[in-house]
Each structure stands twice: as C-alpha cells, then as structure tokens.
1. Restricted to the range 113-147, and to residues that are assigned to a helix (DSSP H, G or I) and closer than 25 Å to Lys159 by Cβ, which residue is modelled with the highest pLDDT?
2. Do you know which residues across the range 43-62 are free of Cβ contacts under 8 Å to residues at least 60 places away in the same chain, in a helix (DSSP H, G or I) and either over 20 Å from Glu160 (Cα atoms) or of a type in the set (Asp, Glu) (or both)?
3. If you take the residues in the range 14-68 that are of a type in the set (S, T, N, Q) and either at pLDDT 85 or above or in contact with a Lys or Arg (Cβ under 8 Å, 6 or more places away or on another chain) (or both), which one is farthest from Gly93 (Cα to Cα)?
4. Right, Arg86: at pLDDT below 95 and not small (Gly, Ala, Ser) or not?
5. Considering the range 135-158 alone, what residues qualify as being touching a helix residue (DSSP H, G or I) at 6+ places or on another chain (Cβ under 9 Å) and buried (at least 17 other Cβ atoms within 10 Å of the Cβ)?
6. Given the criteria at pLDDT 95 or above, of a type in the set (A, V, I, L, M, F, W, C) and either loosely packed, with under 14 Cβ neighbours inside 10 Å or assigned to a helix (DSSP H, G or I) (or both), does Leu73 qualify?
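The values are calculated or read from the model by the stated rules, or taken from the named source; none is laboratory data. Here the structure is a predicted model, which means the values were calculated and not measured. Heads up, the Cβs are rebuilt from the backbone with ideal geometry, glycines too, and the neighbour counts pull from every protein chain shown.
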Amino acid sequence: MRSIAILPIEVIHLGRLHDVTDQAESQQLGIEREGFILQRDLYRYFLRDMKIYELERTYLQDLKTTNDLLKDLEVQSASKIELSVREISDFLGVDGIITTSIDQLAPGNALMAGFMNGRLSNDNNIILSLSLRSKYGQIYWKHNDERPAGQDAVYEVSKELLKRASKMFFSVYPTKKLNKKERKEKESKKKKFQIGNSTLEG
C-alpha cells in the first residue's frame, strides 16, 4: 500500500468524563470527542514510528485532511446506512484505512481478581482492536490488546495501548529498503509474529 488513513476511533464505552455544554447530550458528545482525541494520539504515534522506518510522509494521510474529507462524505452520504471500505478509501484517496475500536469500561481480570480476594475492584479492562483494510476490503493486519486501568488512568492506559499498537504495526510492515540480513529478519518476524494478541493476515 502506498497510502493509508487513520479513521476516528470508535469508542464503545467511555471511561472518563468530558466537559461539555449540553448535558443532555454529554455522553454522546464525550464519546465523539474521545474518538477524535485518541485518533490524534494514534496518528502521532504512527508519525513517530514512520521516522524510525524511514517511510515517506505521504504514506500516512494528514489527519486534518482525513477528517475534513470524512465530514464531506458524511454530508454527501446522509441517506446511506453504511459505507463500504472501498467507498471510504476512494473518497479519501488512499489505498487502505486503519479502523480502531476501544472499550474503556470492559470487565476483566482486575475485576475478577477483586472478587477472588473477597473485595470488589473498581478497575476495568480497556480493550483495543485495530485493523488495516485495503480499499478492496482485505484485512492486511489486525491487532487486539487489553490492559486493566483504574478510573484515574483511563486515558493514559488508552494511549499506552495505542502506542504499543503502532510499534507492532511498523515492526511487521516496514517498507524502507532493507539489506539482506534485514530482509531475513523481517520475514522471520512475519512468520513468528504473535506477540500479545496481534495476528497477521494476507
């Protein structure tokens, strides 16, 4: 793929509060705001890791361009229930898209540990899921991760998961010119890459 775009992150359950003017719509506005904030964070991690692998800046579409085009697409396709990956990619002018979902209030091991110890834990698991899809819908890469987080650390843990996801992505998909030794190491990583819950397809 010569170019990709990172879409706003889908927040399944919001684990922290946002200051909003309209309290009646505070939950939905908070979810939308969190999705854009985390999209920005993932974008910044991608830019940083791209430098390590000497990727061209044009590989990742500018974040403002992506979001401005998505707004235009939303207006033009208001009557559609759901757009295909091909439609979104073509409108953005990229070869593939990174889609992400995060659940900041998922019950997990920390909560179970609290029950086993005879006390109720307030911690939740933050669950992250990412995938890179080509404009034709093929899944090139996917990554799942989770980590417990206290109520005061939801955002920081969410960022750490995104940071790790970016490192996983570029450790498998560097596109700079590699020497013979580096090519062998890259192929070895692709065959054995099962760190955490990441999986490689295609």
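1. In the first step, residues of the range 113-147 are kept if they are assigned to a helix (DSSP H, G or I); the result is 113-116.
In the following step, the residues that additionally are closer than 25 Å to Lys159 by Cβ were identified as 113-114.
Values: Ala113: 42, Gly114: 45.
Residue satisfying both the conditions and the ranking: Gly114.
2. In the first step, residues of the range 43-62 are kept if they are free of Cβ contacts under 8 Å to residues at least 60 places away in the same chain; the result is 43-44, 47, 51, 56-58, 60-62.
Still in the running and in a helix (DSSP H, G or I): 43-44, 47, 51, 57-58.
Once the filter is applied, which keeps residues that are free of Cβ contacts under 8 Å to residues at least 60 places away in the same chain, in a helix (DSSP H, G or I) and either over 20 Å from Glu160 (Cα atoms) or of a type in the set (Asp, Glu) (or both), the range 43-62 yields Arg57, Thr58.
3. Looking only at the range 14-68, we keep the residues that are of a type in the set (S, T, N, Q), and these are 21, 23, 26-28, 39, 58, 61, 65-67.
Then keep just the ones that are either at pLDDT 85 or above or in contact with a Lys or Arg (Cβ under 8 Å, 6 or more places away or on another chain) (or both); that gives 39, 58, 61, 65-67.
Details: Gln39: 19, Thr58: 12, Gln61: 9, Thr65: 10, Thr66: 9, Asn67: 13 Å.
Filtering the range 14-68 for residues that are of a type in the set (S, T, N, Q) and either at pLDDT 85 or above or in contact with a Lys or Arg (Cβ under 8 Å, 6 or more places away or on another chain) (or both), the one farthest from Gly93 (Cα to Cα) comes out as Gln39.
4. Values: at pLDDT below 95: yes; not small (Gly, Ala, Ser): yes.
When the stated conditions are applied, Arg86 passes them.
5. The answer is Lys135, Trp141, His143, Asp145, Glu146, Arg147, Pro148, Ala149, Tyr155, Ser158.
6. Values: at pLDDT 95 or above: no; of a type in the set (A, V, I, L, M, F, W, C): yes; either loosely packed, with under 14 Cβ neighbours inside 10 Å or assigned to a helix (DSSP H, G or I) (or both): yes.
For Leu73, the condition - at pLDDT 95 or above, of a type in the set (A, V, I, L, M, F, W, C) and either loosely packed, with under 14 Cβ neighbours inside 10 Å or assigned to a helix (DSSP H, G or I) (or both) - is not met.
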